[in-house]
Structure formats: structure tokens, C-alpha cells
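Remarks on the structure that follows.
Just so it is clear, none of the values below were taken in a lab; they were calculated from the coordinates. Being a predicted model, the structure only gives us computed values, none of them experimental. We place every Cβ from the backbone using ideal geometry, glycine too, and count neighbours over all the protein chains shown.
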Protein chains: 2
Amino acid sequence: MKISLLQLNPIVGDLEGNAKRIIAAVKESEKQCPDLIVTSELALIGYPPRDLLLVKQFITKSWETLQTIAAELNDSPPIIIGIAEPNATNVGRPLYNGAALVHTGKIHQCFRKTLLPTYDVFDEDRYFEPSPGPKILHLRDNVIGISLCEDIWNDRDFWNRRRYHVDPIEDLVKSGAELIINISASPFTMGKQQLREKMLAGIARKYRTSLVYVNQVGGNDDLIFDGRSCAFDSQGTMIARASAFNEDAITVDLTDLSSNRIEKDDFTPESEIWRALVLGTRDYVHKSGFKAVLLGLSGGIDSALVAAIASEAVGRENVSGVLMPSPYSSKGSVDDSLRLVENLKIRSTTLPISQIMDAYDMVLHQEFSRYPKDITEENLQARIRAVLLMAMSNKSGSLLLTTGNKSEVSVGYCTLYGDMCGAIGVISDVPKSMVYRIARWLNSQGNGSIIPESILTKSPSAELRPGQTDQDSLPPYDLLDQILYHHIELHESPDEIIARGFPAETTYKTLHLVKNAEFKRKQAAPGFKVTDQAFGTGWRMPIASKEWYLP
Amino acid sequence: MKISLLQLNPIVGDLEGNAKRIIAAVKESEKQCPDLIVTSELALIGYPPRDLLLVKQFITKSWETLQTIAAELNDSPPIIIGIAEPNATNVGRPLYNGAALVHTGKIHQCFRKTLLPTYDVFDEDRYFEPSPGPKILHLRDNVIGISLCEDIWNDRDFWNRRRYHVDPIEDLVKSGAELIINISASPFTMGKQQLREKMLAGIARKYRTSLVYVNQVGGNDDLIFDGRSCAFDSQGTMIARASAFNEDAITVDLTDLSSNRIEKDDFTPESEIWRALVLGTRDYVHKSGFKAVLLGLSGGIDSALVAAIASEAVGRENVSGVLMPSPYSSKGSVDDSLRLVENLKIRSTTLPISQIMDAYDMVLHQEFSRYPKDITEENLQARIRAVLLMAMSNKSGSLLLTTGNKSEVSVGYCTLYGDMCGAIGVISDVPKSMVYRIARWLNSQGNGSIIPESILTKSPSAELRPGQTDQDSLPPYDLLDQILYHHIELHESPDEIIARGFPAETTYKTLHLVKNAEFKRKQAAPGFKVTDQAFGTGWRMPIASKEWYLP
């Protein structure tokens, strides 16, 4: 038995384009003479489609498109294609998350997802009815169990705590399935593939069934899908794997393993995040209809890393850096930025802001004369720079990238409508300590130091007043990042964090800053998710609320 | 049988404050000698708590607080208090949405919600397990059916399409309930109370049971809760109603109706939205810890209405208007703003922006010299104003209000990081045609014209270039608002809208603008929901996607 896994990069809503992608990949895969061809979850409409699913005519049109695909692939082997299926009754959610079996020019059957993830970035209960029963495909003599993404993430032997009361995989095996297929759109987070492979291998071994897993690839808004579709034999041994972070198609022979391909997958945390962010940036820019990007270069590590990611993602000829020195900018920062521009061979412009600062001072002088200088003046500089960057973006048709890291976005060490401006937060889910690690990894990749060493070694500073450093306002980043990890990713309270040995004052201060920055993050650009708990769609905190833990 | 309904205004997360509110209200209601006292849904933690529910220690602390309440109210009648209950097993979502029965210093029982709304602004499947069975409270000889909010919104005789397969109210009646209690946190939308009362009366009549409905009141972020708790006899006749948009407590005697209070509720759409926005603004400002607000006054209808709402909400002495004329501002606009300031008796400041425009022109001159003038220069003015407003906000500690209406937010006729800046979108869910209606209603309220008549009669204009009017870029607002209603509130496709008789070109253009403004709205301030489909938490569209309906 041979199965082709189509690991495609769909654009959400692009029915025609996605159909073409599927048809082309099927025609290419046919050359391997598979018995069955399988796409990823919702491959025809792209994952996550979000509230597009509430538009009835969109669903209708997607089924018309599926008919067209079926007609076009009349002579192809059976194909399973991810699609949303209308709930024809007048009770329940409007749709099923389905997988349609297409063959001989017709849609024969539609398998429906049972477990509907509704946590973190997922909202599937918003749209879908669950399928109650097991989904079995009889293909010649083979009894194949079909599952969709979350269906396979509830194994009682793998998880201490299970989210759901039923296990669709167990039910498939009880119904006689000898092979499990899982069609997924499983977003990337650091190290998730190891978890997936361990879980999938364990399930194959436990039930003594082969297991085939097809994942989406590509960036869609804040989510990056890493692909890495794979297959396991009934001992839980991996027998095939497609590439990471690229479109791919592999045909797995479940009996004769000799020609199966197992793509290497030896990322470090640094290289894995780098690759993910490059893919995410490329897709966000291109799928939004843009070609070029620009960003402010401060002389700091964050903008340096984002410039490097952008150069790799959309080509250095499509990246512009804008230097906007103020009287508080050190010569070192300007020099570092210029060296970075040279290393990356990107374009750059310098727009000094002191004249504009003066103009604001003049207009605000009378209002502000009775107040001392405070954070207002610092924010003003950040916002002047944002206005310049947006003017450059508007005029040139380039997309502005925002460069804040997760540590500063967490504690609000960033200016709303200032350095937070931009279409996408490239590293907004990367903690500062990881930003350094990725930059050092990049510099070790053999082309000399892309990111000037002085950027890596100097104290981080926003340079919004003379002699300022981040550590005037914040705990050291290594400590801060640990506290943030416990609070944000594990949802721990101050008591729990302090009980782990972290200093009480720093813990309370950090959590207070996180809470008080909620209003900023609500207006932040979307940012690429790379950790288990990113801000944005997966973080839904109230704003006008009270800190429950205060005495 | 007498029941007290506590219609309170909780702050999300403020366990101690909410407990005090509950205790004080119970002690006050006790004077009426009720047999039972009932709060609204999740009254102890405030609705919607969102991801605060994922913080285990917060849940633990809320139960400790409930114990304290129980002890404090040792001698009070039985009380039902809304609270989140941990799911003690290791399967399923972490919590139940519960209602605890507190009496004689103890927590006796906890009733769990069955139907968990997961659509529009609701995400309850994200947090809660459903309760499978009916929830019956035996109180002396009375068999009382307890239901929580959504539990009562699935009646097969009322809805053409039901969201859920079970009807908890039907189950309660089958289990012998002679009285139905529903504890709710049901957010306001225009005209929703009529719908509620019709539905509740119908259910009471159908099952021949009395029905008592307790709703939350107050604004929490984008949601405004209107209160209007009420009770019906077994013929479906209303026998009590608490006030709208205010904290209130009423004690309903189900047998002797003579002393029951039915609060008048004779709002027009205009007065109802006005009251809702006043409450929403007041609570957002105060619950965020602010006292004063400021806003830019353009001389247009939107900022005029928001200034009037703000004056009513936080007191005119806490409202500052900022005029920021450019060379393109008409004298009429400045005069209109000054007249408004005078009518409202608010403070105002004038900060002309031409000097700052010149400074930007100088800095950008070299970059822009080879390009013609375009929208960049218009956005620049809007953003200069935003920087000034944020500087004023930072320096004075006042909250900036943003004044865009739903029509312009829909089609993106607004500048990101410009006029979109602000902590809360006061009228961002109010279509432009309704903005006019509310302003005219306000002027008819007997204190003379608060909003200068010239603001109501002149052509709307952003005044970002000489002679500009909104209708240069947009269809007439009456037409636009109708197309937007069908597209946004009803999720209709271009074909469906055109089939209703709307012009094809305008329809396609409008929908294209809506789609292309998704990236702006993703970074918009939260805005008060007053229609069935607001942007923000209830509108979750992809950004980097394709328009599926294009040929």
C-alpha cells in the first residue's frame, strides 16, 4: 500500500489557488502510483480560516471548487481533501471539519472531525459540530481509520491530563482500522515536532497499526505551520518524513520501505526558530500582497535580528532599514546599524528626528511647562519615529516590520503607536535571551558575523534619555525571562513563582507590569507564535480588571 | 415565595471588591425577608473573566473568598452566587461555570451550566465543561430549576435554528421544576431586551412556571451589560423588572404581586445606545483606574458625540477637548468645535499642527521628492495629531478616547496610529447614520442644541486636503451602512447583497474595502459592542488571505 502525503502551503480563502496547488501536487504524486493521496486539514480553504467559515456562500463555493477538483482528477487515485462540510440540520454549529474522499470524478464520502480544539489559538467549537462515531475508509481490502488533527491528541497513555472524554483513535482501532491516517494543520512551536513524533510513534506501537500524518506548511497570519509530515510502521518506527518549513510531497510505501524518504530534521532551538520566522515573514508579506519591507534600525539586537530574518525571507534587495537618530542616540548605535546594513547588503536611509522633536516641543511647550519631564518625552521620540516609518511605508508600498521581543512586549517596555507600530511582530514571541542566542547562532553560520559583535556585547538600551539602559527599569533579562515563562506560559501566580525561589519584589513588579501592559498588547500587531503561549489570538486577558493577587 | 435579585456591577478579577458588593447587597435585601437571594453569572469574579480563568490560583482564591462570604452571611437567607468551579477529574476542560448555594455559613451545592456559548464574543468552551444533568434546588416545599444564562437560549419553539441538541429548561421542567431561575451575564445589544422578554415570557407561559432572570450590569472592556433583571408569572406576564444600565436589587414576591416593582423601560434605539455608551465609557475609564479623559475635536459629528457621551459619563470637569487645526482645517470646523466646548462646558486646548507638518516635510523631503503627493501626506496629519494627543494623555494622566464610527472602521476610512489611537472606541460599533440619529435625539432633549446644528448639517469631511469630503471616497452613508449591515452583521456575500437590489460596483468596492481594512482593525482599540456583530472579540477574520468571491 502506497500513500502520497501532500504537504502544501495554502492561502486562506484562496479557493482557486489552493485548488490549483492540490491538482498540481496530485498530478505530480500520481507518478509514484499511490493507492491513496492525502492533503492536510482544510487544505482547500487554508487553516485557520476563522470567521470566513461563517460566510455561507464561501462554504458553498468551496464545495463547487471541490467538484471541479474531482472532475479534473477523474482518473487519479482516491484523494482525501480537507474541507468544511455544512451541517444540513437545523440544530448545532453550522459546519463539520471534514475530509472528503474524491475519486472517479465524484465526492464519495466525508469524514468528520470529532475533537475540536478550543484553547490557546484554536476556536473550533465556534464553527464545528463534532462527529460522534469512528471514521472508517474501506479501500480494497484495507480498513483505514481516518482522523483529523486533534482527534489524535487525546491518548490516555501519553497525557496526564486529557482534554476530552473520548479517544477517536481507540475507537478507530476497535472498529478494525489497520492503518491510521491523520490529516492536520498543527502550528509550529519550539520543539513540538519531537513531541508529535513521540506521541505518534507511541500510538502506532500501542495499537500495532501503521500511522500516516500529513501536516500543513506555511505561515498564515500569526501561525506558522512547519509541515514535517511523517509515517510510522506498526512498531512505531519512523518510515518517512517530509521536509520542515517547505512545501513537499512524499509517497510512503507501507510494505516496501526501501524507497521511502526520511528528511533530516536536526534543528537546534535557535535554527528551528530562525527557520520558522523566515517562513512566517515571507508568507505574511507575500500573502498580504507585498514584496518589500522596511524597519527601523536602532543599533540594538532586536532590529538587527529582524533585519537579518527579513533579508532571508524576502531577499535583501527588498529590505530597507531606516536609521532615525535623536540627540540621545550614541554614535556607537548609528555605527552598529550602518555596519549591519553593510553586512546584510540592504538599503538604508537616515532620517534624524531632532528637528521634529523641536517642533513638537514648541507646540506643546505651553501645555507642558508646568510639568517636569517624564516618560512622555521618551514616548514622543518613539512615536515620531513611527510616524516617519509609516510615511515611508505608505509612500513606498513596503510593509513595516515591528521588532519588539517577547520580554519587552510582556512588561510593556515599548511604546504603543511608537516602536510597536508595524504590520507583523516578527520576534514578539521570542524572549530577549533567545534573541541573543539566535543572533549568536546566526553569526556562527560561517559567513562572518552578520550581526556586529558590538551589538551583542553592549548593554541593551532604548536610548530615549542620556545614559539610559533597559536594566534601569527592568530586572536582568535572564531573570525576567524565567519569571515571565512561569507566569505567561504556565499561568502561575506570584505565590507559586516565589515558592520556586524567585525574589518576591521582582516577581510582583514583573507581574504588575505584565498586567498593566494588557491595553498595549490589545492593540499590538499580530506576532509569530513560536512558544506554547504567545500573546495575540492565544492570550485573551481582560483589560479594565483588578489584580486579584494583591493583598 | 420571595426572591431577591442582585443586579450588581462587578470588576473582573476584583474578588475582594466583588465580595463586598455582594455582601452589602445581601444585607440590604434581607430587609425584604426573601426566601432566596440570587446574583448574576460569575458575580464573584466578574464576567467575562477570559483567560484569568486559566490561572489556577485565581480560582482557588475565589473559593476562599466564597467561604468568607458564606461566613459573613451566616444568618442570611440562602444565596446563589455565580462562581467558576474546578473540574476535579483529570479529563476535560478545567472548570465548570457554576452557581453555588451558600447558607448557614457553608457552601452546600454548586449548579453547573450546561450550554456554553462559543460564538460571537463568547468563548466558554475554552474554559468550561458542560453539566450533563438538570440542576434542581429543593427549598422547603419548592422545586426550583436553576439555569445559567445560555441554558435558557435554546427553546425549540422560539428559535428556527437551535445551537444545541439539548434544552436544559425542558429537562428542568421534566424534573419537576415549578420555578425557573436563570442567572445571566448577557451583554447589551440594541433592542435585545425586547427579545429577552419575549423569549422568557414565552418559556414561562409554555411550561406554566414562574421565571426569574438576574442579569449583570456595567461595562467590562468592550461589553456593556444592561441589567434589566426581571420576573414572569406562570402565564408569562411580567411581574417585576429592575432598572436598565444601573446597579439595582429587587425583591420579587411570586404570590403577592402588590409590592413588586416594574421599572419603566421605554428607550428608543437612540436613547438606549446613548445610555449604554455612557455606562460603558464610565466603567471603562474608572475600572482602568482613570478619572479624566481627553479627545481630539475635529469639528465633525463623531468627536462631538463622543465628547457629549464622555461629559455625561465622567463629568464635564474631567473631559478635555484638543483642537489641532492644520492649514486644511476650515474656519467652520474650528468654530464648531469651540461652540461644542462651550455647550458642554468642557476644557479645551488648541495645538496647531502646521509647524510639525513642516518639520516632517523637511526630514522626508529628500525621500519623497520623486513621488507625487498621495494618501501618505493625509495619514501624516492624522498621525501628528495622534502623537500630540498621546503626549497630552501621557503628561496629564487622562485616557484618550477614540472617536471613529462603525462605518469608517468597516471600510478603513481612518488612519492606523492616527485617528484610530485611543484606549477605547466609544462609537466604533455605531454606524454613521445612527451617529446622526443619536446626535439629533440628544439635541431634542430640551437643553438647547448641545451639538451645534452646523455640525449636523455640513458634509462630513476628514479635512486632510483642500475641499475634501467623505463622499469623494465613499458611497453615501445611508447606502454604505445598509451594505455593511448585510455584509458584516449577516455575513452575506456580494451575490446575496446584489440580489437584494444594491448596486454591484458599490457592493464589490465596499466589501473590498472591508477586507483590506482587516489589518487596521486588528490593531484597533477595543470598542463598545452595541450591534449583533461588532468588530473586536466577536469578529475574527484572517488578514493575509484572499478574497474568495473575486472572479
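Some values worked out for this structure:
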quantity: Cα gyration tensor shape of region B:223-308, rounded if a/c is under 1.5, else prolate or oblate by comparing a/b with b/c; calculated: prolate
quantity: Formal net charge of residues neighbouring residue B:19 (Cβ-Cβ distance under 13 Å; K, R +1; D, E -1); calculated: +1
quantity: Net lengthening on full extension, residue A:286/residue A:261 (0.36 nm per residue, minus Cα-Cα); calculated: 6.0 nm
quantity: Gyration tensor over alpha-carbon atoms, region B:272-471, equivalent ellipsoid semi-axes in Å; calculated: 28, 19, 16
quantity: Under 15 Å, Cβ to Cβ, from residue B:264 - net charge with Lys/Arg +1 and Asp/Glu -1; calculated: -3
quantity: D (Stokes-Einstein, µm²/s), Kirkwood Cα radius, region A:164-216, 1.567 mPa s at 4 °C; calculated: 108
quantity: Gap separating the Cα centres of region A:132-184 and region B:165-188, nearest whole Å; calculated: 36
quantity: Pair-distance profile P(r), taking every C-alpha pair of region B:2-256, with 5 angstrom steps and integer %; calculated: 1, 7, 14, 20, 22, 18, 12, 5, 1, 0
quantity: Hull volume in cubic angstrom per residue (convex hull over the Cα atoms of region B:1-151); calculated: 108
quantity: Karplus-derived 3J(HN,Hα), 6.51/-1.76/1.60, for each residue of region A:215-222, Hz, glycine and proline x; calculated: 10, 5, 10, x, x, 10, 6, 7
quantity: Other protein chain Cβ atoms within 10 Å, averaged over every residue that makes up A:392-401; calculated: 3
quantity: Partner chain coverage, peptide A:415-426 - average Cβ within 10 angstrom; calculated: 3
quantity: About the Cα centre, charge dipole magnitude for chain B (Lys/Arg +1, Asp/Glu -1 at Cβ), debye; calculated: 440
quantity: Sequence-distant residues sharing a close amide H with residue A:224 (under 5 Å, placed H); calculated: A:188, A:529
quantity: Principal-axis tilt of helix A:354-368 within chain A, Cα atoms, nearest 10 degrees; calculated: 70
quantity: Principal semi-axes in Å for the protein assembly as shown [√(5λ), Cα gyration tensor, largest first]; calculated: 43, 42, 29
quantity: Table column - 3J(HN,Hα) (Hz), region A:452-461, Karplus curve with 6.51, -1.76, 1.60, x for Gly and Pro; calculated: x, 4, 5, 5, 6, 9, 6, 5, x, 8
quantity: Cα-Cα separations in chain A greater than 33 Å, expressed as whole percent; calculated: 47
quantity: Distance histogram in 5 Å bins (all Cα pairs of region B:366-521, percent per bin); calculated: 2, 8, 14, 17, 18, 17, 12, 7, 3, 1, 0, 0
quantity: Crossing angle, helix B:192-207 versus chain B [Cα axis fit, 0-90 degrees, rounded to tens]; calculated: 20
quantity: Cα centroid separation, region A:215-265 to region A:405-433 (Å); calculated: 33
quantity: For residue A:1, net neighbour charge (Lys/Arg +1, Asp/Glu -1) across residues whose Cβ lies under 14 Å away; calculated: -4
quantity: Volume per residue that the Cα convex hull of region A:481-529 spans, once the total is divided by residue count, Å³; calculated: 76
quantity: Distance in nm between pseudo-label sites at residue B:331 and residue A:365 (7 Å out along the Cβ direction from Cα); calculated: 2.8
quantity: Cα gyration tensor shape for region B:134-270, rounded if a/c is under 1.5, else prolate or oblate; calculated: oblate
quantity: Crossing angle, helix B:301-314 versus chain B [Cα axis fit, 0-90 degrees, rounded to tens]; calculated: 40
quantity: Placed amide H near residue A:400: partners under 5 Å, 5+ positions off or other chain; calculated: A:294, A:423
quantity: Label 7 Å beyond Cα on the Cβ vector: residue B:235 copy-to-copy distances, nm; calculated: 8.1
quantity: Farthest positive-ward along region B:2-256 dipole, Cα basis, beta-carbon charges - from B:94, B:179, B:84; calculated: B:179
quantity: J(HN,Hα) series, region B:62-76, from Karplus relation 6.51 cos²θ - 1.76 cosθ + 1.60, nearest Hz, glycine and proline x; calculated: 5, 6, 4, 5, 4, 4, 4, 4, 4, 5, 4, 9, 3, 9, 7
